[in-house]
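Peer 1: Take a look at this one; I'll ask things after.
Computed from the coordinates by the stated procedures, all read-outs in this text should not be read as laboratory data. Note that the structure is predicted; figures quoted are calculated from it, not measured. With ideal geometry, Cβ positions are generated from the backbone for all residues, glycine too; neighbour counts draw on all protein chains shown.
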Amino acid sequence: MGNWISTIIMWLFGKSRLVAGLVLGASYSFLTVLGLHWGLVPITLQNLKVYGGDVII
């Protein structure tokens, strides 16, 4: 599941960084309130391993 989410996020950033930033920026505050922002940490680590960098954090 983490691979899919990471692929979707990286695809979104590949298509339009502006739209991806708006989507993640708008959803991040809700994720933080619910404590779900910790779910992005494994995706960030996976992006660092696979892509050599990360656009989320």
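Peer 1: Could you list all residues from region 8-20 that are within 11 Å of the chain's Cα centre (by Cα) and exposed (fewer than 14 other Cβ atoms within 10 Å of the Cβ)?
Peer 2: 8, 11
Peer 1: Which of the residues spanning region 24-40 are at positive phi and either surrounded by 10 or more Cβ atoms within 10 Å (Cβ to Cβ) or among the aliphatic types (A, V, I, L, M) (or both)?
Peer 2: none
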